Amino acid sequence: MDWIIGFIILLIKLGVILVGLLLVAAYLVLVERKFLARLQIRYGPNRAGKFGLLQPIADTVKMMVKEDTVPEAADHTIFKLAPAVVAFTALMMFAVVPLGSDITIGGRTIPLVITDLNVGLLFVFAMSALGVYGVALGGWASNSKYSLLGGIRGAAQMISYELSLGLALVPIVMLARSFSLVDIVNAQADYPFVLVQPVSFVIFIISAMAESKRIPFDLPEAENELGAGYHTEYSGMRFGLFFLGEYVHMQVLGALMAVFFLGGWRGPLLPPVLWLFVKIILVSLIMIWVRATLPRLRYDQLMALGWKVLIPAALINIVITGAVLLIW
């Protein structure tokens, strides 16, 4: 009966995390619209429910009842599957994020993580790289020049930021001596790694914003150039899946930033899960604030930033970290 109980516990953890991610994603949209409104000295959504709190529900209903159209000349199969790839890979990355220390119920120890992979960091990068396929395939399958350009931009942008994103975490692996996200959090029991790796932190947060394809790195969408970019031809719930993937991605990147640099679920007074949630929301608010503050980069500026600034800085940081660890 042991494996049955373990399977039931796994299903419960999957359900709780899935529902939590979807709820937070829905209300993160409302938070973003309200926050942007305040920063731009205007009102945000305030009609659906008290203070606009029912706006996410209204948006979800609207997405579900809108007509789902497919362009006649599009590749129907790939066109329909591309949004699911974006949302699925974003959700899968949370499978290795530790939510807290192990708890004991009825003599059984339950880890607050879906699966503690010894190569959890590599799993995160694999899912992150696969997510770009949804953008590229969605743009190509639409048979639209604007969508195609958005998909190509998404693929080329990934080459620019993915290297610096990975290189920024090499010093973290060197300090923790493990690829497991659980071990990385445990290695920060005395101090968060942001105190000893500020360069990696800055490189990671810039690359993470490029990963989320948000202003100032929203080149695959770029509404003033490409209409809506790779999802120009999408409508209804398929467009909603692209939208969902973006906001789940914000949460995942916030969680990864917390795990790698901010001590993960560790913190005084508050419960571990609540600490992780607070850190995710704070990172998400910073990303929203940047969106309200900075203009979109030109395409050549993004490529130059990735290849000429972030990657060399990450490589130099790796060498310095290795030298310091060797001396100590």
In nm, what is the difference between 0.36 nm times the number of residues separating residue 69 and residue 115 and their Cα-Cα distance?
12.8 nm
Can you grab the distance from the C-alpha centre of region 45-106 to the C-alpha centre of region 259-328, Å, no decimals?
25 Å
Compute the distance in nm between two label points, each set 7 Å from the Cα along the Cα-to-Cβ direction, one at residue 145 and one at residue 22.
4.0 nm
Listed pairs 80/213; 34/279; 80/279; 13/279; 62/279 exceeding 24 Å between Cα atoms
80/279; 62/279
Can you give the relative contact order of region 64-137 as a percent, counting alpha carbon pairs under 8 Å and 6+ residues apart?
39 percent
Once Lys and Arg are counted +1 and Asp and Glu -1 for all other residues with Cβ under 12 Å from that of residue 112, the total becomes -1
Among the helices of the chain (complete DSSP H runs), which have Cα atoms covering no less than 27 Å along the helix axis and a Kyte-Doolittle mean of at least -0.5?
2-39, 120-141, 145-168, 236-261, 272-293
How much length would be gained if the chain were fully extended between residue 237 and residue 290, taking 0.36 nm per residue of separation minus their Cα-Cα distance, in nm to one decimal?
16.3 nm
Expressed in nanometres to one decimal, the distance between label points 7 Å along Cα→Cβ at residue 174 and residue 54 is 5.6 nm
Only loop residues by DSSP count here, and only those with at most 12 other Cβ atoms within 10 Å; note down the GluC sites (Glu not before Pro) in region 1-109 that meet that.
67, 72
Can you give the longest run of the chain that contains no trypsin sites (Lys or Arg not before Pro) sitting in a DSSP loop with at most 16 other Cβ atoms inside 10 Å?
178-297
Have a look at region 26-115 and give its Rg and Dmax from the Cα atoms, expressed in angstrom.
19.9, 60
To the nearest 500 deg cm²/dmol, what mean residue ellipticity at 222 nm is calculated for the chain from DSSP H runs of n ≥ 4 alone, each contributing -39,500 (n - 2.57), summed and divided by the residues?
-21500 deg cm²/dmol
Hey, of (i) 29, 27, 19; (ii) 32, 26, 20; (iii) 27, 24, 20, which did the structure itself give for semi-axes √(5λ) of the Cα gyration tensor in Å when calculated?
(ii)
In nm, to one decimal, how far is the modelled label at residue 316 from the one at residue 300, with both set 7 Å along Cα→Cβ?
2.4 nm
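Bear in mind these aren't lab numbers, they're just calculated from the coordinates by the rules spelled out. Predicted model only: the values in this text are computed from it and were never measured. Positions of Cβ are generated from backbone atoms using ideal geometry, with glycine treated the same way; all protein chains shown enter the neighbour counts.
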